[in-house]
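The values are calculated or read from the model by the stated rules, or taken from the named source; none is laboratory data. What you see is a predicted model, and the numbers here were worked out from it, not measured in a lab. A quick note on method: Cβ atoms are made from the backbone with ideal geometry, for glycine too, and the neighbour counts reach across all protein chains shown.
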Amino acid sequence: MKRTIAIILALALLLLASACGIWESNPDYAGTYTLVYESGDDYSFFGDDDVRLELYENGKGLDISDRETWDLQWSVRGNTVTIHEGILLGTYTGKMYDGFMVFADWEDSYRVYALDGVNVPDSFTDGNSPDSADKPAAEPKPTAGIPPAENADLSWWTRDWYGWWQLANMTGDYTQWSDSADCGASFEVGEDGICTLYIWDKDWYDRYDGVAAIEVGFSEDGSSAYSTGGWFVFRELGYADIVITRDAESGGSTLVFSGHYVDTAGSFDFRFMLRPWGERWDDVEAANLPSYYHNWYLPLLEAGAKFCPDEIGLLIPVTGETENTTPQPTTPQPTGLAWWTRDWYGWWQLSEGTGDYASGYWNDFADCGASFELAEDGSCILSIWDEDWGMDIDGVGIINLNFTENYDSAYSVSGRFMFKELGYSEIQITRGNAVDDATLIFGGHYEDESGSFDYYFVLRPWGMRWDNVAYTLPKSYYNWYLPLLEAGAAHCPDTIGN
């Protein structure tokens, strides 16, 4: 009974996969691939013209073995080829090279299939084990149109980078992941001489323990790189699992790489685009710019930041090798309680969401307004609203506050944040820092029966400009906030961005 149910479920999933277009074909790889080599634990042989895979342009095909034939579906994403032969025969994943395919584990055997007339390098058919299926015969070829680096000079690579990565066709647990994120990267050579590409993004923001740590080798002329070890997301990498090339259309100043990722939790297609930190993207279409390019990256460059911060898109006071260019207010600022009781504008960010607050369901970055107002009983009430939760629906939160003796911080006494009642000091709000005393900063962890998330607020007084401040700018800063200031708006509207 269980086997029958399993087969029915698998058939349903297969029909769903076909309907959703998971098995999208790539006509460039269509053709008849003949078995040229197979090996197992105690055998190996070369060639069998009666065993072949016929891959049709529509993503379907046939597995022909002697007098038996099975229907199949196939796809190629990056350099990963997938052959699916149904619930009884299974799914096989291998590597697609120039005219031939290598499967490290096809029914416990190692197989190489090739198009007619293609000479497969000896390194793939020399009696190797399935583990060596990841080893191409030669290093990746340089991308056409890019001047080769003289003597493979790696100084062009070993620096910080900034850009984005995108996910598509997510399955399993990865359907809950965001489909794109800005990221930082750095090629660094260790004491052992191994060069490692570290990648991190706004959610996985540890430079050395983020999205990836890929040990790389380089082509002889230094114009491309390929993985030799390391890891990506939750999976170990092998030889040339990832190949990184310099994009010819950008004059070789952009790194691009893509592929297909699979583990026990699910799968996704991925694509990265990176440019050297400090380089502008003026020649790139708006749709291909990183999300934080205008509101975070450019302000950091103008402030003199030499390296990509570990925390992408967050408040980053510029220190160290850069000069602090944060402008100080030119008009006298109120003091004491009066410094607080006014309108504010900024943003708040959600991360590490669980349950209903998981990424993809909630906006993880939103502009917001705020107001501190004195009530008739002398207490101070902080109201917060954003672009989705306006004050017409009571906003993000209404919080009753007390202040420390010198008014340099505030803390909650009661009130509401999101869907939860607040208690004493559950939220603490700090006035600025040593770099900028005109900013309110606070964050914390929120949890209710629907899930949880971490949050982070950055607010500045309404009417104050954010020019040359090394902070993330609100999304509507240029096209909503500044025009309102120029029009003489003295208060933050109840609806943000309209």
| All positions within the range 466-493 that are surrounded by fewer than 17 Cβ atoms within 10 Å (Cβ to Cβ) and touching a Pro at 6+ places or on another chain (Cβ under 8 Å) | D467, N468
| Filter pass, N288 being more than 26 Å from R235 (Cβ to Cβ) and modelled with pLDDT of 85 or more | yes
| task | Only residues that are of a type outside the set (A, V, I, L, M, F, W, C) and either surrounded by 17 or more Cβ atoms within 10 Å (Cβ to Cβ) or within 34 Å of the chain's Cα centre (by Cα) (or both): list them for the range 382-405, please. | result | S383, D386, E387, D388, G390, D394, G395, G397
| Top-ranked residue of the range 224-251 - restricted to ones that are of a type in the set (G, A, S) and out of contact with any Phe, Trp or Tyr (no Cβ under 9 Å at 6 or more places or on another chain), ranked as farthest from W164 (Cα to Cα) | G238
| query | Quick one: which of Y110, Y92 is assigned to a strand (DSSP E or B) and either more than 20 Å from D269 (Cβ to Cβ) or in the same structural domain as I242 (by TED's automatic domain parsing) (or both)? | reply | Y110
| query | In the range 48-69, which residue that is in a strand (DSSP E or B), surrounded by fewer than 14 Cβ atoms within 10 Å (Cβ to Cβ) and of a type outside the set (S, T, Y) is modelled with the highest pLDDT? | reply | D50
| field | Filtered residue count, the range 192-229, keeping only those that are part of a loop (DSSP other than H, G, I, E, B), in contact with a helix residue (DSSP H, G or I) (Cβ under 9 Å, 6 or more places away or on another chain) and farther than 18 Å from T254 by Cα | value | 1
| Pairs, please: C-beta under 6 Å, at least 6 apart or cross-chain, first residue assigned by TED's automatic domain parsing to the domain that holds T341 and in the range 475-498, second modelled with pLDDT of 85 or more and surrounded by 12 or more Cβ atoms within 10 Å (Cβ to Cβ)? | K475/D367; S476/D367
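Any idea how many residues of the range 342-366 are modelled with pLDDT of 90 or more and surrounded by fewer than 20 Cβ atoms within 10 Å (Cβ to Cβ)?
2
Each row is one residue, and each column tells you yes or no for (1) of a type outside the set (V, I, T); (2) at pLDDT 85 or above; (3) in the same structural domain as Y357 (by TED's automatic domain parsing).
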residue	(1), (2), (3)
G172	yes, yes, no
D182	yes, yes, no
F187	yes, yes, no
D201	yes, yes, no
A212	yes, yes, no
L237	yes, yes, no
V243	no, yes, no
R246	yes, no, no
G251	yes, no, no
| message | All but one of (1) buried (at least 21 other Cβ atoms within 10 Å of the Cβ); (2) modelled with pLDDT under 90 hold for L459; state the number of the condition that does not hold. | response | (2)
